[in-house]
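The values are calculated or read from the model by the stated rules, or taken from the named source; none is laboratory data. Quick caveat: nothing in here was measured; it's all calculated off a predicted structure. Here Cβ is always computed from backbone atoms with ideal geometry, including for glycine, and neighbour counts include all displayed protein chains.
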Protein chains: 4
Amino acid sequence: MSDYYRLVVSCPDQVGIVARVSGFIARQGGSITEASQHSDLATGRFFMRYEILADSVGLSAEQLREAFTPIATEFAMDWALTDTTRRPRVVLMVSRESHCLVDLLYRWTAGELDCEIPCVISNHDDLRALVEWHGIPYHRVPVTPDTKPQAFAEVERLVEQADADSVVLARYMQILPPALCQRYAGRVINIHHSFLPSFAGAKPYHQAYQRGVKLIGATCHYVTEELDAGPIIEQDIHRVSHCHTADDLVRFGRDVEKAVLARGLRWHLEDRVLIHGNKTVVFA
Amino acid sequence: MSDYYRLVVSCPDQVGIVARVSGFIARQGGSITEASQHSDLATGRFFMRYEILADSVGLSAEQLREAFTPIATEFAMDWALTDTTRRPRVVLMVSRESHCLVDLLYRWTAGELDCEIPCVISNHDDLRALVEWHGIPYHRVPVTPDTKPQAFAEVERLVEQADADSVVLARYMQILPPALCQRYAGRVINIHHSFLPSFAGAKPYHQAYQRGVKLIGATCHYVTEELDAGPIIEQDIHRVSHCHTADDLVRFGRDVEKAVLARGLRWHLEDRVLIHGNKTVVFA
Amino acid sequence: MSDYYRLVVSCPDQVGIVARVSGFIARQGGSITEASQHSDLATGRFFMRYEILADSVGLSAEQLREAFTPIATEFAMDWALTDTTRRPRVVLMVSRESHCLVDLLYRWTAGELDCEIPCVISNHDDLRALVEWHGIPYHRVPVTPDTKPQAFAEVERLVEQADADSVVLARYMQILPPALCQRYAGRVINIHHSFLPSFAGAKPYHQAYQRGVKLIGATCHYVTEELDAGPIIEQDIHRVSHCHTADDLVRFGRDVEKAVLARGLRWHLEDRVLIHGNKTVVFA
Amino acid sequence: MSDYYRLVVSCPDQVGIVARVSGFIARQGGSITEASQHSDLATGRFFMRYEILADSVGLSAEQLREAFTPIATEFAMDWALTDTTRRPRVVLMVSRESHCLVDLLYRWTAGELDCEIPCVISNHDDLRALVEWHGIPYHRVPVTPDTKPQAFAEVERLVEQADADSVVLARYMQILPPALCQRYAGRVINIHHSFLPSFAGAKPYHQAYQRGVKLIGATCHYVTEELDAGPIIEQDIHRVSHCHTADDLVRFGRDVEKAVLARGLRWHLEDRVLIHGNKTVVFA
């Protein structure tokens, strides 16, 4: 597989951005294998993502960043240039339910998720054997009402020690403290087991069952301080009927959760998700 | 097309209901062409719907009802026996948007909706020509904040005069008064332009756009006094992305609304929807 | 609504195309509101579509075309620059079934399809009243096994006389002669009532019913000389079960056909569909 | 979890079947928790499935079967009465691709698949470690063009020795010999990686890519002597676009295959799938 540079940009929209950026890349001999752009007409903001064959450019990622900086400054860009030879480091956090973890580990093994998994953190020990069988370190950090501050200090220490780029709450079932949310803003991904904004909070499948909905869903979103209210990355649904019990909804929901989290995480790892206020631009 | 009797029952579950009902039908020589049953284990309630070839039974609908009454009483049934030779009468209520009306009239013309449409009622005149071209009477009843009581008295009079079995709010955009909701409980169908319970109330597509959801939906439900909270008959969704404006969401939404309302109404007309508290059993 | 120029390009991929094109547009002051690109790595072909605010450019469409020609030549482009002030002219061809026609006329009336409909051509008279009610001329050209050559000569004459840019076979149910297919290559859109390549040819829903499939579909594609084998624009499906008769499949199929044809046609009208051999690039 | 008897019947349709069967169950005191019926009007065949709380009946499964036999004979029924205390034994057959196996083992561990897995058979050794980690015996039976008869004799011996009720080809990638297909007719489930009947045979995703389809699919079906032509149990699809390579199609396909096979197998294990000629009745 070839190596790529990925240039991701958002900035105020104006005439000539694409010409400047694509002209810059062309002058470096850069071969663009994938290009996505979006102009949000309502807010006047511009978004772009370029995938450039690394070998086609005579510069290292660091040199390319330096060369690009004047353009970025001129257009007041929020931007990043990543290098696929450096795989992002993703810490998984889980509780007792295994479905999302099993699914992510399968995909990781199969090469669908291009990242390192330096460790898995859990408040329970149920999933230790599975994780360790995959050769990944497993840390248990119990969380009780009384020990929350210490527990999350320990979680933060482990995440830092793992040099994590991102954290995935793969059905972690605990609410992260605000400070942690802020520190890793735009880098913590959660899977919520409902079609948000319906049924935020606890026991969403049971809420859905009570309301008699005909479709249940799941939502992958970035974690913010406000519970279940962060920018949505991906959602999907599963049809249900009067035949199904609340337990059936939970079972179907597991499949939707797995699929939605896997898609959302893959896009995040490939720098396809750009945050725009409380919304996302997803160059899927 | 053959004529059918449809027997629809709900009652407390107990051993022997099916044997009694199916035994009764067999003794009349009744040929059952479709049978559906559901036991709700959580509430202990039983639901069934039988479609019986009318010609196979030697009795009229009225005679069959009389013969069945002792069994219905014994099992404390809520029940109805309908006769497909008598087509239900459905009053459509609309405002200015035509998409649901056009769709329902097409399906009605094509024989997909087995009902009479004695009239269409609207608070505007925009859709008069279309309705009258189909040979259906059109009544305009303007509604203003000041004239609501009189307007809805007139609506009620027209519905009554039309001898309506059911009323369909095909994007009527006005809230029916509680008394009307109660009087026609379980017989007024609304299409709400969101995936309830998300985005109840006004301008749901704009709410959805603001929240940055990745799927929008529509919900067909029975109208109750509490706004957008009645038993859900059917829901469906359409995928959207950051590329789509609020106007695009409205446009996609029209397609979902049409489809969901048409399915819900068809099931209602075929006696496939049984209300169970604030939920529905749909023998689709 | 603003006016736009749409630049659609396909050419052999090479470094610098985007830079040249976007540089050209920026020099004209062109404000790009939507941009899509695709590099087909397997064949080395590049595709792009730009939507440019007409007012932001100081040139007429004709002048812009002239100014762009040297770049187009240099990169060996297949290209077109359209001007949304000139609405494309679309001839609809139908037989006796109304569902696609009703749907397209509704969308056209609602402003979802930005085109002129100079006339509808049919081999029957069933849909004349509907079409004429919309103020559109209706031509009947009967087709019998003996009169095919004359009939299609007349069809061709009518299409020509209508100055048609595109032709839509909205369930026309006749096979166009090869010469007509060639003459309007890439401009005749058909809706096939199956999920191609399954069930090509006649009576696809009955074929699907016999095979016992659990999903039925529809396919919108460009017409080529080989029956049901042209480039696919869009497809969709509907779930079915053992409960459904062949007639039910036909009924569900109508809904899928309408939706798929409407999406395909809209994309075609907005210059979002680029043909690539026997496949399509769809910048939806 | 409670124990159930499941009565599954198909027979020529006639008046009184339901009355006789439900009357019989009621006389045994049987509490029916789920009931499904279907009359195929085209062929005049009747299908039913009852789920009966075992504790509500005073008889063992064997006694109940004996008591029911006269009714079965009278109506010329194909029938079975299963007892959920005896879990069906399912042999999995795999090749080198792990996605279906990982998924089935997860679901089995999570209690979603109510069966024993006496062993896994493969023509390769790639998946041995995974299988053995789950405590399941793994047999490798290499298959070469020269050794097919011996290899499949050994496969048959292992399946027999495992006392298997059903065999699942979870991407086994070898064609079973006709004799084996006949011997286990209606008991061997395959997942085909296309939306049958499209793209039967080898490399379906590459065929789909070449044809330029906009949806790919997977099909779970019973294996018959004719390749990829047996009764379809379940199908599903995944949307693709011009952006996706043949490899992407393979990757998306894995998700569809997993989901479709898991649903099909679950229904099969719960006696929800009744074969009707080359089609299925699925009481899902």
- [ ] For B:T82, state whether it is more than 23 Å from D:R20 (Cα to Cα), β-branched (V, I, T) and in a loop (DSSP other than H, G, I, E, B).
- [x] no
- [ ] Would you please name the residue that is surrounded by the fewest Cβ atoms within 10 Å (Cβ to Cβ), looking only at residues in the range A:126-152 that are touching a Pro at 6+ places or on another chain (Cβ under 9 Å) and farther than 27 Å from A:T85 by Cβ?
- [x] A:P149
Open item on the list: Looking only at the range C:66-79, how many residues end up being of a type in the set (A, V, I, L, M, F, W, C) and surrounded by fewer than 16 Cβ atoms within 10 Å (Cβ to Cβ)?
Closed with: 2
Task: Candidates C:L169, C:L105, filtered to the one that is in contact with a Leu (Cβ under 9 Å, 6 or more places away or on another chain) and within 14 Å of chain B (Cβ to nearest Cβ) - done: C:L105
Task: Selection count, the range A:1-19, where residues are closer than 19 Å to C:S31 by Cα and assigned to a strand (DSSP E or B) - done: 4
Open item on the list: Suppose the filter is surrounded by fewer than 19 Cβ atoms within 10 Å (Cβ to Cβ), among the charged types (D, E, K, R) and not in a loop (DSSP other than H, G, I, E, B); does D:E156 pass it?
Closed with: yes
Open item on the list: Can you confirm whether D:Y184 is surrounded by fewer than 23 Cβ atoms within 10 Å (Cβ to Cβ), hydroxyl-bearing (S, T, Y) and over 23 Å from A:A284 (Cα atoms)?
Closed with: yes
Open item on the list: Give me the residue from the range C:22-39 that is polar (S, T, N, Q) and touching a strand residue (DSSP E or B) at 6+ places or on another chain (Cβ under 6 Å) and, out of that set, nearest to A:G16 (Cα to Cα).
Closed with: C:S31
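This table checks each residue for (1) in contact (Cβ under 8 Å) with a residue 24 or more places away in the chain; (2) surrounded by 19 or more Cβ atoms within 10 Å (Cβ to Cβ); (3) within 22 Å of D:Y205 (Cα to Cα).
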| position | (1), (2), (3) |
| --- | --- |
| C:A208 | yes, yes, yes |
| C:V213 | yes, yes, yes |
| C:T219 | yes, yes, yes |
| C:T224 | yes, yes, no |
| C:L227 | yes, no, no |
| C:Q235 | yes, yes, yes |
- [ ] Go through A:L113, A:L92, A:L104 for me and flag whichever is at pLDDT 95 or above, buried (at least 18 other Cβ atoms within 10 Å of the Cβ) and assigned to a loop (DSSP other than H, G, I, E, B).
- [x] A:L113
- [ ] For D:I17, work out the one condition from (1) surrounded by 18 or more Cβ atoms within 10 Å (Cβ to Cβ); (2) more than 13 Å from every other protein chain (Cβ to nearest Cβ) it doesn't fulfil.
- [x] (2)
Open item on the list: Could you go through the range C:45-65 and let me know if any residue there is part of a loop (DSSP other than H, G, I, E, B) and either surrounded by 18 or more Cβ atoms within 10 Å (Cβ to Cβ) or of a type in the set (D, E) (or both).
Closed with: yes
Task: Single residue of the range C:108-133 satisfying the filter (in contact with a His (Cβ under 9 Å, 6 or more places away or on another chain), away from every other protein chain (no Cβ under 14 Å) and among the hydrophobic types (A, V, I, L, M, F, W, C)) that is nearest to C:E156 (Cα to Cα) - done: C:I121
- [ ] Might you check whether a residue that is touching a residue at least 24 places away in the same chain (Cβ under 8 Å) and touching a Lys or Arg at 6+ places or on another chain (Cβ under 9 Å) occurs anywhere in the range A:145-155?
- [x] no
Task: One residue from B:P177, B:P204, B:P197 being crowded, with 16+ Cβ neighbours inside 10 Å and within 20 Å of B:F152 (Cβ to Cβ) - done: B:P177
Task: Tally of residues being in a loop (DSSP other than H, G, I, E, B) and either of a type in the set (F, W, Y) or under 21 Å from D:E97 (Cα atoms) (or both) across the range A:116-144 - done: 2
TODO: Could you please find all residues in the range A:86-98 being touching a strand residue (DSSP E or B) at 6+ places or on another chain (Cβ under 9 Å) and either charged (D, E, K, R) or under 12 Å from A:D114 (Cα atoms) (or both)?
DONE: A:R87, A:P88, A:R89, A:V90, A:R96
Open item on the list: Among the residues of the range C:83-103, what is the count of those that are of a type in the set (V, I, T) and farther than 24 Å from C:V120 by Cβ?
Closed with: 1
- [ ] Any chance you could count how many residues in the range C:20-44 are surrounded by fewer than 16 Cβ atoms within 10 Å (Cβ to Cβ), facing chain A (nearest Cβ under 9 Å) and not in a helix (DSSP H, G or I)?
- [x] 3
TODO: Give D:T73, D:T82, D:T69 a once-over and let me know the one that is away from every other protein chain (no Cβ under 14 Å) and within 18 Å of the chain's Cα centre (by Cα).
DONE: D:T82
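Matching residues to (1) of a type in the set (V, I, T); (2) farther than 21 Å from A:R187 by Cβ; (3) in contact (Cβ under 8 Å) with a residue 40 or more places away in the chain:
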{"site": "A:D55", "(1), (2), (3)": "no, yes, yes"}
{"site": "A:L64", "(1), (2), (3)": "no, yes, yes"}
{"site": "A:T82", "(1), (2), (3)": "yes, no, yes"}
{"site": "A:R89", "(1), (2), (3)": "no, no, yes"}
{"site": "A:M93", "(1), (2), (3)": "no, no, yes"}
{"site": "A:H99", "(1), (2), (3)": "no, yes, yes"}
- [ ] Mind listing whichever residues of the range C:165-207 are within 21 Å of D:Q235 (Cα to Cα), in contact with a Pro (Cβ under 7 Å, 6 or more places away or on another chain) and among the polar types (S, T, N, Q)?
- [x] C:S194, C:S198
